[in-house]
Amino acid sequence: MAAEQSERIKLWGIVQGVGFRPYVAKTADRFNMKGHVLNTGGLVEIILTDTPERISSFMDFLIENKPAPAEIVHVKREIISHRHFDSFTIVQSGEGDDEIAMLPADLAICPDCLRELYTEGNPRFQHPFISCMLCGPRYTIIDRIPYDRNNTSMTDFPMCSSCSNEYANLTDRRYHAQTISCHDCGPQLIWQAREITSPAQDQPTDFTDIRKRNAAILDNAADVLRNGGIIAFKSVGGYNLIADPLNQNAVNKLREVKMRESKPFAVMFRSAEQIEEFCHAAPTEIRLLESSARPILLLERRKLSGNKYDELRKNRFIGSYLPSFAAQYMLLDRISPLIFTSANLSDMPMIKDEREMMSLMEANRHIDGMLYNDRKIRIRADDSVARVIDNQPQMIRRSKGYAPVPLHIDSAPDGTMIFAAGSQLKNSFALTKGSFAYMSQFFGDMDTVENQSLYEENVDRLAKLFRIKPDIAVCDKHPLYFTTKFAQAYAKKNDIPLIYVQHHHAHVASVMAENNVHGKIIGVSFDGTGYGTDGCIWGGEFFICGGASAYRIAHLKYVDMPGGDSSVKDAFRSALSYVHAFDNGYLYTASASTGDSLPDESVPCGTNTLTDDSISGCCREIAVDISDIISFGKERLLSSTKAALVMSALDNGINTVKSSSMGRLFDGVSALLGIKEYNDYEGQCAIMLEDAAAFAQKEPGQSRSCDLALSFHYRISDMIVEQCLKACRHFGTSQVALSGGTFQNKILMEDVLSKLRNHGFQPYYNISVSPNDGGIALGQAYIAAHSSCQ
């Protein structure tokens, strides 16, 4: 018989906050193993004394049967000096060292807890904050690692004797569940009417009264909503404003509160079955809806008849999602569906604290009350948004339910730590440690002091949480971005080098990072706006990329855009820019840089960025034929009284900027086809252009403008394939990366993927991070990591 030995086993991955230590202890009991387990820093450490064969069998079983939310990415075993144990125990967590740490994101209520929520006689029947070791808040309540109750906001809720017994019982489902609570010792629902001076309700002490009180609070909230009211609701990552989507008066009031004229609201449904009454949902989409992350999913709506559906009929897609914790289920049992939108004013941070929410309620006559609780939110995180493209999930906004689970960056040097500032719009930043990139939650646009302050606070918080001290900082090349200025100050303060990365190169690199692409790749980067190294506005770019290097090989022909930033919203101006270029023969006149010529790969665009000299005169310019679209809409646009002023500015080059933006081309086509001439919210014209194309797919020949919209989509995908074929012949690569906000367009994306595959290409695209600017930080980090390897 083999002699016993003692081993120290370290496990990296999502192994804290997912019931992993209790699972290890139960498995040890099953195998009659002796030793202990503890959280140390952000990993789990096990020490065992037994034979090598039995330890190996134990570890094989442990890995194969791990809890569903857990992920094990690396295991290290080492023999240590002999230790004697009488049993197997969970010991107090240690602070750990500088090892790479991984924490789970917030986990939606699990099936077992949901069943208990509705089981009369269960101690947690109708407990609004029921959870166990496999579900409940994680990232949004944590103060520091390791993930233990006293390191979270649950430290404010001492366990009652019943919960303490479950917590200590090896055979119990809540053994060492850090968010364990019940009616007696957990957070409590609180209702505050808008009349701030109203008397406080009595606080009952026994279970029955608490359940009745909770029921009365929820009944009252549902009545307010049913009568067209608006209430603030404290969710896991912050406050939501909620209203009945089938009550147009309530929706109108909510739009007034949010200062949000037409952008659609997300809708929470009670169940997947109810979602399918309103939307088409494929099996892949149902699985994503029911996943522990509970993202908002963009689903194509069904045909809805009746006046009560007016709000939901306005858009092709409904942002649909399911409840993530018990209190939401309990409210939706009374009234469903409900609009759940973040409680903030447009472009401001989501509210997470009671005082701030009460101030907003006092200042706004349309908010009728607050339904909240006394558990503090440490880190605000808006709901994530996703969609299914190419039959697999794709992030649109990566936040609650996903952050701060890291992504793996292959080939990053061991020990290297990077701060990637991200972009100005739809911001998320990244911090890396070795080969792992921790993407922050979504912050939105960095144009307000409030968002900037929140960003700064979270850079510091995330770095401390994961014990990251960056060796390198990296940011966008745009000199006026807040994120650029912050990165400059950050690098100076910490005495570390700063790398500047061109915006569209970072888009392509984000695809390379998450798909672990090696060798050369053709990068297609389409969006609305990005700072070009030649002083122009880029947005319709083709590259050859590899590692940290990029070569710009082609781009949409520059078109003069009037009004600078104002043209971003005004699709009418964008349309006139293309009319002006067409009338002057510019869009279809060959030039020295037009044709099949491509830049020589020996003239790089920089080892870690794009340089001004390298792109001068070396890129093919591309003109998409939209002559029929211009003919369709030109006369109508020019008949407008405001057209003469815009055309005069273009004739004289007054306040114009040259742009290769694909986003502006989509806007211009939308205006030319009479679909939408102004973006009331970002991307609206392009979204409505896609909606028109979708109508033409289903009802061809019914609308000339819709048919042209669909034809335009196909022209863009054909152009992409044509450019990729030329690049493939010249550079010898069939790998293609598609990124940028334009590729959130489902029709364009799926058409170009199909055509590229039919031509033998291997296309890659963003999945775990968004193709919009929310994924920029990952690309920046990837380029910086590869730069440090050189």
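Counting only residues at least eight positions apart within a chain, or on another chain, the aspartates and glutamates with an alpha carbon under 15 Å from that of Lys376 are Asp106, Asp143, Asp156, Asp353, Glu354, Glu356.
Comparing Asn247, Ser291, Pro337 along the charge dipole axis of the range 226-342, the residue lying farthest to the positive side is Asn247, per the Cβ-charge model. Set against the 2.2 N^0.38 Å expectation for a compact globular protein, the range 1-80 has a Cα radius of gyration ratio of 1.02. Once the chain from Arg704 to Asp353 is taken as fully extended at 0.36 nm per residue, the excess over their C-alpha distance is 121.2 nm.
Taken about its Cα centre, the chain carries a charge dipole of about 560 debye when Lys and Arg each add +1 at the Cβ and Asp and Glu each add -1 at the Cβ.
Close amide H partners of Gln5, meaning residues 5 or more places away or on another chain with modelled amide H under 5 Å apart, are Asp50, Thr51.
When only alpha carbons of the range 638-763 are considered, Rg and Dmax amount to 17.0, 52 Å. In the range 347-442, Cα pairs under 8 Å separated by at least six residues give a relative contact order of 21 percent.
Coupling constants for the range 327-333 follow from the phi torsions by the Karplus curve (6.51 cos²θ - 1.76 cosθ + 1.60, θ = phi - 60°), and in residue order they are 4, 5, 4, 5, 6, 5, 4 Hz; glycine and proline get x. Over the residues of the chain, the helix contribution to mean residue ellipticity at 222 nm works out to -10500 deg cm²/dmol, using -39500 (n - 2.57) for each DSSP H run of at least 4.
Listed peptides 475-482, 528-535 appear in the order 528-535, 475-482 once ranked by packing, highest mean of other Cβ atoms within 10 Å at the front.
Here the dipole of the range 373-429 is about 380 debye; that uses its Cα centre as origin and unit charges on the Cβ of Lys and Arg (positive) and Asp and Glu (negative). Across the chain, C-alpha contacts under 8 Å between residues 6 or more apart give a mean separation that, scaled by the residue count, equals a relative contact order of 11 percent. Per-peptide packing, taken as the mean over residues of other Cβ atoms within 10 Å, places 354-360, 243-249, 516-522, 771-777 in the sequence 771-777, 243-249, 516-522, 354-360 from highest down. Packing here is the average count of other Cβ atoms within 10 Å per residue, and on that basis the peptides 234-242, 756-764, highest first, run 234-242, 756-764. Ordering Pro128, Thr432, Phe233 by the projection of their Cα atoms onto the charge dipole of the chain, which places +1 on the Cβ of Lys and Arg and -1 on the Cβ of Asp and Glu, puts Pro128 at the extreme positive end. Residues whose amide H comes within less than 5 Å of that of Lys34, counting only those at least five positions distant or on another chain, are Thr49 (H built at 1.01 Å from N in the peptide plane).
Summing charges over neighbours of Pro137, with a neighbour being any other residue whose Cβ is under 9 Å away from its Cβ, gives +1 when K and R count +1 and D and E count -1.
Applying the Karplus relation 6.51 cos²θ - 1.76 cosθ + 1.60 with θ = phi - 60° to the range 101-110 yields 3J(HN,Hα) values of 10, 9, 10, x, 6, 4, 10, 5, 3, 8 Hz, where x marks Gly and Pro. Applying 0.36 nm per residue to the separation of Arg8 and Glu53 and subtracting their alpha-carbon distance, the gain on full extension is 14.7 nm. Other residues whose C-beta falls under 15 angstrom from the C-beta of Phe278 contribute a net charge of 0, scoring Lys and Arg +1 and Asp and Glu -1. In order along the range 517-525, phi translates into HN-Hα couplings of 7, 10, x, 6, 9, 7, x, 10, 10 Hz, rounded to whole numbers, per the Karplus curve 6.51 cos²θ - 1.76 cosθ + 1.60 with θ = phi - 60° and x for Gly and Pro. A 1.4 Å probe run over the protein chains yields, for the chain, 38 Å² of accessible area per residue, whole-number rounding. Charge dipole (Cα centre; +1 on Lys/Arg Cβ, -1 on Asp/Glu Cβ; no other charges) of the range 2-141 amounts to roughly 180 debye. Eigenvalues of the alpha-carbon gyration tensor of the range 708-764, scaled by 5 and square-rooted, set the equivalent ellipsoid semi-axes at 20, 12, 9 angstrom, largest first.
Computed over the range 1-41, the percent of Cα pairs more than 15 Å apart is 49. For Ile389, the residues whose amide H sits under 5 Å from its own are Gln394, ignoring neighbours fewer than 5 places away on the same chain, with H placed 1.01 Å from N. For the range 250-317, the equivalent ellipsoid built from the Cα gyration tensor has semi-axes of 23, 15, 10 Å, listed from largest to smallest. Under conditions of 37 °C and 0.692 mPa s, the chain yields 117 µm² s⁻¹ as its translational diffusion coefficient, taking Rh as the Kirkwood radius over Cα pairs in the Stokes-Einstein equation. Multiplying each eigenvalue of the alpha-carbon gyration tensor of the range 483-534 by 5 and taking the square root yields semi-axes of 25, 16, 9 Å, largest first, rounded to whole angstroms. Hydrophobic long helices, here whole DSSP H runs in the chain with Kyte-Doolittle means of at least 0.0 and Cα atoms spread over 27 Å or more along the helix axis, are found at 704-731. Across the range 214-282, C-alpha contacts under 8 Å between residues 6 or more apart give a mean separation that, scaled by the residue count, equals a relative contact order of 17 percent.
Hull volume per residue, based on the alpha-carbon atoms of the range 41-93 and their convex hull, is 122 Å³. Between the residues Leu103, Ser787, Gly401, the greatest Cα displacement towards the positive end of the dipole of the chain, with unit charges on the Cβ of Lys, Arg, Asp and Glu, is found for Gly401.
Size of the range 343-483: Rg and Dmax of its alpha carbons, in Å, are 17.1, 56.
Among beta bridges from DSSP that stay inside the chain, the antiparallel ones total about 70%.
The values are calculated or read from the model by the stated rules, or taken from the named source; none is laboratory data. Everything quoted here is computed from the prediction, not taken from an experiment. Note: ideal-geometry Cβ built from the backbone for every residue, glycine included; neighbour counts use all protein chains shown. Just so you know, the surface numbers come from the protein's heavy atoms only, side chains and all, with ligands and any DNA or RNA stripped out. Shrake-Rupley method; radii C 1.70, N 1.55, O 1.52, S 1.80 Å.
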